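The values are calculated or read from the model by the stated rules, or taken from the named source; none is laboratory data. What you see is a predicted model; the values in this text were computed from it and never measured. Using ideal geometry, Cβ is built from the backbone for each residue, glycine included, and neighbour counts are taken over all protein chains shown.
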Amino acid sequence: MEKILVIDDEDHLRLLYKLELERQGYEVSCVDNGRDAMPITLTFNPDLIILDIMMPLGDGIDYLRWLVGNHIQIPVIIYSAYAHYKSNFISWGADAYLIKSSDLEELKTEVKKILQQRQLF
């Protein structure tokens with residue numbers, strides 16, 4: 001079973017993502033900030049990370065910098081309400097950048113696509 005780590009500071013969104021992704025057959029772990037996500041990344045060993053940008057304790061950009069700086073090669077989908085971070089150089093390290101929506105179909109499609117590509121290598 002493929003594992004997904006969801007990093008988002010909004011409780012109701014984490015729960016929604018977890019429920020929807022578990023229905024798709026994934027094992028999902030959630031954390032509410034980038035700082036606490038660092039050790040969980042190492043122990044949970046996810047196949048994919050869904051990452052919010054704006055969080056009070058360790059934002060998504062800092063977390064992505066940590067991943068890149070430590071040569072941790074896990075696919076990342078940035079899932080943010082803020083489109084302007086897409087031009088931030090460090091966000092280019094993500095495999096996808098999606099704008100949050102109440103319709104999770106685009107997110108679920110991107111998750112499936114990235115995980116299928118990962119299996120090819």
*Only one residue in 97, 63 is part of a strand (DSSP E or B), in contact with a helix residue (DSSP H, G or I) (Cβ under 8 Å, 6 or more places away or on another chain) and of a type in the set (Phe, Trp, Tyr). Which one?*
97
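Residues checked against (1) under 22 Å from residue 117 (Cα atoms); (2) at pLDDT below 90; (3) touching a Gly at 6+ places or on another chain (Cβ under 6 Å):
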position	(1), (2), (3)
25	yes, no, no
30	no, no, no
38	no, no, no
43	no, no, no
51	yes, no, yes
89	no, yes, no
_Pairs with Cβ under 8 Å, 6+ apart, first in the range 68-84 and at pLDDT 95 or above, second charged (D, E, K, R) and assigned to a helix (DSSP H, G or I)_ = 75/118; 77/110
_Those residues of the range 1-20 which are out of contact with any Asp or Glu (no Cβ under 6 Å at 6 or more places or on another chain) and over 18 Å from residue 95 (Cα atoms), in sequence order_ = 10, 11, 12, 13, 15, 16, 17, 18, 19, 20
